[in-house]
Amino acid sequence: MNYPIFLSIVNTIQSDVENKHIQTESFRTWQDNTIFATGLELNIKLEVSTHYLQKLSINFDWDQYREFKLANQLNGLDSHPLRGINELKQANTKPNIDVELMLSFKPNQCQPKFKEGKGNYRMDFASLWMDLITQRIQSDFGSQSNITRWHIEIEGDDSGKYLSNIQLISYFQFDLSKTLDMQDLKMFVKKSLKSLLVRSSRVIKISEAIIEQSINLAI
C-alpha cells in the first residue's frame, strides 16, 4: 500500500527533529496491510537530562481511509494513487492523525528502598506521587488530551511488591481537515510536533519535581 501523504508527514517530522538536534533512540515506520494501516514510532532518550524518567515515545497512527480523505481535500494531488478507488468513497472517516504520547519512568529511581519501609511500601509510595502528577497535569492542561492514563506492571521480591514498569500515556487527535495543500500540511505537522514536545517537557518537569519532593519528604 502506498501512503505518499503520510510519507510526507514522516519526512517533515524527521527533518524537524534533526533541525532541533533531538537525540532519538529510534525512528521507524511500520505498515500492516491486513488492516490497511501505517504509523511512525519515535523514541527519544531522556536519561542524560532527567533523573526519574528514561524515555519519551511518540507514536503516530494513520490508515488508507484518512489518506484517501486528505488526498481528495488537498490541492495538487490529482495523481494520488488512492483517488481512483471508488470503494474508499463510502468511508465515513475524518482526516485526523492519532497520536500516543508515552513517558517511561525509571522504576528503581522512583521507588527507593527506605529503611523503615515494610510490606508493599514501594508500590504505595509510587501510587501517591502518581496521583499528584495526574492532578497537576489536569490542573495545568485541562482537557487538552482525550485520555491520560498510567500503565504499570507489578512484581515482587523479599521486600514486597513494587512497580517494575511505569508509563504515563496521553492520547491526542490532530484534525487535518483545514489544511489546504502539502505545504500547509507540513506547517501544521511542525506546529503539532512543537506542541507535543512543549507539553512533554512540561510534564517531565512536573514529574521530576513531584517525585523528588515526595522522596525528600519520605526520607
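The values are calculated or read from the model by the stated rules, or taken from the named source; none is laboratory data. Everything numeric here is computed off the predicted structure, so don't read it as measured data. Cβ: placed from backbone, ideal geometry, glycine included. Neighbour counts: every protein chain shown.
Summed over the range 64-78, the residues that are in contact (Cβ under 8 Å) with a residue 12 or more places away in the chain, under 14 Å from LEU185 (Cα atoms) and touching a helix residue (DSSP H, G or I) at 6+ places or on another chain (Cβ under 9 Å) give a count of 9. Take the range 178-206 and flag every residue that is in contact with a strand residue (DSSP E or B) (Cβ under 8 Å, 6 or more places away or on another chain) and not hydrophobic (A, V, I, L, M, F, W, C). Across the range 178-206, the qualifying residues are SER192, ARG199, SER200. Given the conditions (1) touching a strand residue (DSSP E or B) at 6+ places or on another chain (Cβ under 7 Å); (2) at pLDDT below 95; (3) aliphatic (A, V, I, L, M), which single one is not true for LEU56? Looking at each condition in turn, LEU56 falls short on (2). The set of residues in the range 56-78 that are within 18 Å of the chain's Cα centre (by Cα) and either in a loop (DSSP other than H, G, I, E, B) or closer than 20 Å to THR24 by Cα (or both) comprises LEU56, SER57, ILE58, ASN59, PHE60, ASP61.
Total residues in the range 25-55 satisfying the condition of being in contact with a Lys or Arg (Cβ under 8 Å, 6 or more places away or on another chain) and in a strand (DSSP E or B): the figure is 9. Hey, could you check the range 201-219 for residues that are crowded, with 19+ Cβ neighbours inside 10 Å and within 20 Å of the chain's Cα centre (by Cα) and say which is farthest from LEU128 (Cα to Cα)? Among residues in the range 201-219 that are crowded, with 19+ Cβ neighbours inside 10 Å and within 20 Å of the chain's Cα centre (by Cα), the one farthest from LEU128 (Cα to Cα) is VAL203. Only one of the numbered conditions (1) closer than 21 Å to ASP98 by Cα; (2) out of contact with any helix residue (DSSP H, G or I) (no Cβ under 8 Å at 6 or more places or on another chain) is not met by ASN19, and that is (1).
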